[in-house]
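Student: Right, I'll just put the structure down here and ask away after.
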Amino acid sequence: KKSFSSGLTAMEKKLAEYKCNTNEAIQLKLVRFPEDLEDENTTFNPEYSHQVFGDDEVAFGYKGLKILLYYIAGNLSTLFRIEYTSKVNEKFDCVEADDVESKIREIIPPGFCTNTDDFVSLLEKEVNFKPFGMLLHTYSVHNEEAGEDITYQIYKADMTCPGFREYHERLQTFLMWFIETASFIDVDDERWNYFLVFEKYNKDGATLFATVGYMTVYNYYVYPDKTRPRVSQMLILPPFQGEGHGAQLLETVHRYYMSSPTVLDITAEDPSENYVKLRDFVLVKLCQDLLCFSPGKLMQGFSQEMVMEAQQKLKINKQHTRRVYEILRLRATDMGDAEQSRSYRLDVKRRLIGPYKKKQRELAKMRRCLRPEELTNQLNQIDINMQHEQLEESFQQLVSDYRRVLERLAQA
């Protein structure tokens with residue numbers, strides 16, 4: 001009996017060695033020059049792989065597994081290869097290795113290279129790649145490493161641009177690795193708009209373009225003749241993160257829709273925390289010079305005038321305008337002054353308590369409809385102290401988020 005159980009653990013130990021973390025195994029690259037292929041500094045890894053490899057983000061059956069997904073920097077032509085030092089064998093180990101290849105093939109479009117030589121010969125044709133669609137905005141960012149200013153451009157594209165459909169299929173694969181709840185969109189729906197960021201770079205005296213990131217926006221119809229664009233996905237590729245491209249992209253998209261008389265305002269679908277921080281910054285930057293947000297008016301409280309002006313001039317919806325007001329009012333408030341700071345705190349908390357009040361109204365309704373014995377105590381009593389504590393916590397968290405926005409604004 002004993003030998004049987006120890007045999008099992010030896011087998012288990014052996015199999016455990018054949019488990020690989022897929023976030024580490026997947027190696028991504030955006031390639032500009034042939035030497036990038038060998039340069040480890042150009043490699044980056046996914047943040048997520050659960051949508052492809054399950055919640056534990058593990059591939060079983062390999063030692064030293066490497067899943068190489070290399071992309072040519074501009075048009076994203078793909079090299080896909082799998083390498084490993086050893087693999088379990090059904091004959092000897094009585095278990096089967098995961099079919100890693102077919103899992104990746106499900107999310108990357110066909111037509112990829114499987115060997116490096118083919119990939120490098122495609123790289124030579126990259127000089128012909130040009131961005132899709134219409135140029136909306138050009139800006140530059142000073143790069144410390146290169147010691148020079150690098151130029152970026154933002155384009156608006158659609159499915160009628162030749163080659164864009166295929167390019168978008170390759171581009172959206174990145175969503176799986178960097179957005180927790182990513183999904184691919186129905187590109188045949190003409191209500192989608194696509195906004196793309198490219199970097200201009202030099203290679204052998206020619207100007208080439210590299211993909212930096214993108215945003216998809218869905219135009220919802222609003223009766224009778226308006227639309228409400230909703231930001232769906234936004235991704236700045238990891239090598240470019242932290243350089244301010246997200247803010248440039250979001251501001252450019254707002255400016256694009258601002259010029260359209262049929263657009264009501266811009267919303268977002270299920271925004272991440274990072275996106276909300278980015279949006280706060282961009283919207284405050286756009287709004288700070290509006291007359292309705294002058295310090296004197298901020299101190300009088302949130303007004304319908306703010307809602308109207310932000311919507312009409314900047315296509316900002318009411319909920320987001322309220323946040324902008326709170327951030328700008330914080331900037332105008334001397335928090336060291338007891339009266340000013342109390343007035344600010346009450347103003348923000350009054351908004352925060354809204355959901356609690358709604359809950360209490362619903363409970364009051366239930367009380368009128370139900371016999372007392374049907375109402376459990378728990379429903380009956382919303383603990384007032386807990387409410388105050390949660391409220392104070394939410395308030396402090398907001399203020400620290402708002403301060404970060406104001407710091408970034410001061411540096412902009």
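Student: Given Cβ point charges of +1 (Lys, Arg) and -1 (Asp, Glu) and nothing else, what value in debye, to the nearest 20, does the dipole of segment 159-203 about its Cα centre take? Could you put the intermediate results ahead of the total?
Tutor: On the way: 5 positive and 8 negative charges, 70 e Å.
Dipole magnitude for segment 159-203 comes out near 340 debye.
Student: Order Asp204, Asp36, Asp189, most accessible first, counting only protein heavy atoms with a 1.4 angstrom probe. Working shown, then result.
Tutor: Working: Asp204 150, Asp36 20, Asp189 45 Å².
The ranking, largest first, comes out as Asp204, Asp189, Asp36.
Student: At 4 °C and a viscosity of 1.567 mPa s, what translational diffusion coefficient does Stokes-Einstein give for segment 287-364, taking Rh as the Kirkwood radius over Cα pairs? Give it in µm²/s as a whole number. Walk me through the intermediate numbers first.
Tutor: On the way: Rh = 13.5 Å.
Diffusion coefficient, whole number: 96 µm²/s.
Student: Give the percent of DSSP beta bridges with both residues in segment 13-128 that are antiparallel, rounded to the nearest 5.
Tutor: Values: 13 of 20 bridges.
In segment 13-128, approximately 65 percent of DSSP beta bridges are antiparallel ones.
Student: What do you get for the angle between helix 164-178 and the principal long axis of the chain? Use alpha-carbon atoms, 0 to 90 degrees, nearest ten.
Tutor: Helix 164-178 sits roughly 80 degrees off the main axis of the chain.
Student: Same structure, new question: Treating the Cα atoms of segment 13-128 as identical point scatterers in vacuum, please give the log10 of the normalised Debye intensity I(q)/I(0) at q = 0.10, 0.16, 0.17 Å⁻¹, two decimals.
Tutor: -0.33, -0.78, -0.86
Student: Is there a quick way to get the dipole size of the chain? I mean about its Cα centre, with the Cβ of Lys and Arg at +1 and of Asp and Glu at -1; what is the value in debye to the nearest 20?
Tutor: Numbers: 53 positive and 63 negative charges, 422 e Å.
Dipole about the Cα centre, nearest 20: 2020 debye.
Student: Through the Karplus equation 6.51 cos²θ - 1.76 cosθ + 1.60, θ set to phi - 60°, convert the phi angles of segment 235-242 into ³J(HN,Hα) values in whole Hz; use x for Gly and Pro.
Tutor: 9, 9, 4, x, x, 10, 6, x
Student: Through the Karplus equation 6.51 cos²θ - 1.76 cosθ + 1.60, θ set to phi - 60°, convert the phi angles of segment 217-232 into ³J(HN,Hα) values in whole Hz; use x for Gly and Pro.
Tutor: Running phi through 6.51 cos²θ - 1.76 cosθ + 1.60 with θ = phi - 60° gives 10, 9, 8, 6, 7, 10, 4, x, 9, 10, 10, 10, x, 10, 5, 9 Hz.
Student: Using a 7 Å offset from Cα along Cα-Cβ at Ser394, what residues in segment 325-353 end up with backbone N under 20 Å from the label point?
Tutor: Only 325-330, 342-353 pass the distance filter.
Student: For a quick check of your reading of the filter: which GluC sites (Glu not before Pro) in segment 133-188 sit in a DSSP loop and have no more than 12 other Cβ atoms within 10 Å? It would help to have the intermediate numbers written out before the result.
Tutor: Details: sites: Glu144, Glu145, Glu148, Glu166, Glu169, Glu180; in loops: Glu144, Glu145, Glu180.
The qualifying sites are Glu144, Glu145, Glu180.
Student: Roughly how many Å is it from the Cα centre of segment 141-178 to that of segment 43-101, as a whole number?
Tutor: Spelled out, the Cα-based centre of one part sits 25 Å from the other.
Student: Could you name the lysines whose alpha carbon sits less than 17 Å from that of Lys285, not counting residues in the same chain fewer than 8 places away?
Tutor: Lys285 reaches Lys277, Lys313, Lys315, Lys318.
Student: How large a share of the accessible area of the chain, in percent, is made up of carbon and sulfur atoms when the probe is 1.4 Å and the other protein chains stay in place? Mind dumping the intermediate values first?
Tutor: Numbers: 10970 of 22750 Å².
Roughly 48 percent, rounded to a whole number.
Student: Between (1) 32; (2) 28; (3) 44, which matches percent of Cα pairs over 36 Å apart calculated for the structure shown?
Tutor: Computing percent of Cα pairs over 36 Å apart and matching it to (1) 32; (2) 28; (3) 44 gives (3).
Student: Between Rg and the Kirkwood Rh of segment 130-329, both from Cα atoms, what is the Rg to Rh ratio?
Tutor: A ratio of 0.99.
Student: Run through the DSSP bridge list for the chain and note the antiparallel percent, rounded to the nearest 5. Mind showing how you got there, number by number?
Tutor: Values: 50 of 61 bridges.
The antiparallel fraction comes to roughly 80 percent.
Student: Tilt of helix 384-411 relative to the longest C-alpha principal axis of the chain, in degrees (0 to 90, nearest 10)?
Tutor: 70 degrees
Student: Next question. Restricting to segment 57-202, compute how many DSSP beta bridges are antiparallel as a %, nearest 5. Each step should come with its number before you reach the end.
Tutor: Numbers: 23 of 24 bridges.
If I count the DSSP bridges inside segment 57-202, around 95 percent turn out antiparallel.
Student: Given the options Gln340, Val141, Ile316, identify the residue whose Cα lies farthest towards the positive end of the charge dipole of the chain (+1 on Cβ of Lys, Arg; -1 on Cβ of Asp, Glu).
Tutor: With unit charges placed on the Cβ atoms, the residue in question is Gln340.
Student: With angles folded into 0 to 90 degrees, how steeply does helix 338-352 sit against the dominant principal axis of the chain? Use alpha carbons for both and round to 10.
Tutor: For helix 338-352, the angle is close to 60 degrees.
Student: Then there's this: Report the FRET efficiency, 1/(1 + (r/R0)^6), for Asn143 and Ala412, where r is their Cβ-Cβ distance and R0 is 25 Å, rounded to 0.05. Working shown, then result.
Tutor: Working: r = 18 Å, r/R0 = 0.71.
Efficiency at R0 = 25 Å is approximately 0.90.
Student: Using the structure shown, select from Lys13/Lys103; Lys29/Lys66; Lys19/Lys66 the pairs with a Cα to Cα distance greater than 20 angstrom.
Tutor: Details: Lys13/Lys103 26 Å; Lys29/Lys66 13 Å; Lys19/Lys66 12 Å.
Too far apart for the 20 Å limit: Lys13/Lys103.
Student: Something else now. Going by amide H atoms built from the backbone, whose H comes under 5 Å of the H on Gln233, apart from near neighbours?
Tutor: Thr216
Student: Under the Karplus relation 6.51 cos²θ - 1.76 cosθ + 1.60, θ = phi - 60°, what is the ordered set of whole-Hz ³J(HN,Hα) values for segment 146-155, x standing for Gly and Pro?
Tutor: Rounded to whole hertz, the list is 7, x, 8, 7, 10, 9, 10, 9, 10, 10.
Student: Considering only Val263, Thr211, Pro162, whose Cα is most displaced toward the positive end of the charge dipole of the chain, charges sitting on Cβ of Lys, Arg (+1) and Asp, Glu (-1)?
Tutor: Val263
The values are calculated or read from the model by the stated rules, or taken from the named source; none is laboratory data. Here the structure is a predicted model, which is why all the values come from computation and not from measurement. Note that we place each Cβ from the backbone using ideal geometry, even for glycine, and neighbour counts take in every protein chain shown. With ligands, DNA and RNA removed, areas are computed over all heavy atoms of the protein, side chains included. Shrake-Rupley method; radii C 1.70, N 1.55, O 1.52, S 1.80 Å.
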